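One structure is given here, and the rest of the page talks about it.
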Amino acid sequence: MGYTPRLKEEFRDRVSKALIEEFEYENPMQVPSLQSIVISRGVGDAIADRKLIDHSIEELTQIAGQKAVPTYSKKDVASFKLRKGMPVGVKVTLRGDRMYDFLDRLITASLPQVRDFQGIKATGFDGRGNYSLGITEQIIFPEIDIDKVRRIQGMNITFVTSANTDQEAKSLLTELGLPFKKN
């Protein structure tokens with residue numbers, strides 16, 4: 001038997017049973033699950049300095065534990081001096097064990113590092129059961145060496161779930177341990 005992330009076992013043992021009770025699913029296959037986590041960062045200044053993309057790729061790779069890839073512009077925008085095909089951001093998509101490991105580190109180590117942390121807002125749902133969260137500083141992650149940071153940048157983290165409604169997705173993420181603000 002190999003390594004299984006703590007949150008994956010917790011989902012299998014406790015979370016799925018709690019969701020079955022809460023939403024009265026008839027079949028265990030109806031229980032929503034976390035499918036992927038996408039970490040992305042827009043690097044608008046990369047038009048002038050292409051090394052910023054390389055630094056962002058390096059940082060997101062350290063944070064996620066998986067190689068990040070650049071994203072490219074889809075069309076020309078003259079006012080931004082942007083050409084089609086120029087790198088404008090960085091992203092990494094996590095699935096499986098790496099996804100659960102990242103979520104565990106985010107909940108237990110990184111979010112408590114945020115100054116005056118009261119919980120995350122519950123307004124980031126998209127209506128289809130996915131949740132997006134913005135982080136303003138990459139230095140909250142323990143993997144980042146603060147001495148090597150060139151500049152403070154934020155990132156977006158999107159949790160893609162198989163839930164049909166925002167209420168199901170919020171219950172799933174709450175059971176997994178995301179600390180939503182109390183209304």
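Points to keep in mind about this one:
- Options Gly96, Gly177, Gly124; residue that is in contact with a Gly (Cβ under 9 Å, 6 or more places away or on another chain) and not charged (D, E, K, R): Gly124
- Screening the range 71-88 for residues that are small (Gly, Ala, Ser) and in a helix (DSSP H, G or I) and picking the one that is surrounded by the fewest Cβ atoms within 10 Å (Cβ to Cβ) gives Ser79.
- Among the candidates Ser33, Ser16, residue that is in contact with a Ser or Thr (Cβ under 6 Å, 6 or more places away or on another chain) and among the polar types (S, T, N, Q): Ser33
- Subset of the range 1-56 that is touching a Leu at 6+ places or on another chain (Cβ under 8 Å) and free of Cβ contacts under 8 Å to residues at least 12 places away in the same chain - its residue that is nearest to Asp97 (Cα to Cα): Tyr25
- Scanning the range 77-99 for residues that are farther than 16 Å from Phe141 by Cα and either modelled with pLDDT of 90 or more or within 13 Å of the chain's Cα centre (by Cα) (or both) gives Val90, Lys91, Thr93, Leu94, Arg95, Gly96, Asp97.
- Of all the residues in the range 19-51, those that are surrounded by 15 or more Cβ atoms within 10 Å (Cβ to Cβ), in a helix (DSSP H, G or I) and under 21 Å from the mean Cα position of the chain (by Cα) number 0.
- Of all residues in the range 106-126, those being farther than 16 Å from Thr161 by Cβ, at pLDDT 85 or above and in a loop (DSSP other than H, G, I, E, B) number 4.
The values are calculated or read from the model by the stated rules, or taken from the named source; none is laboratory data. Here the structure is a predicted model, which means the values were calculated and not measured. Reconstructed Cβ throughout: ideal geometry from the backbone, glycine too, with neighbour counts over all protein chains shown.
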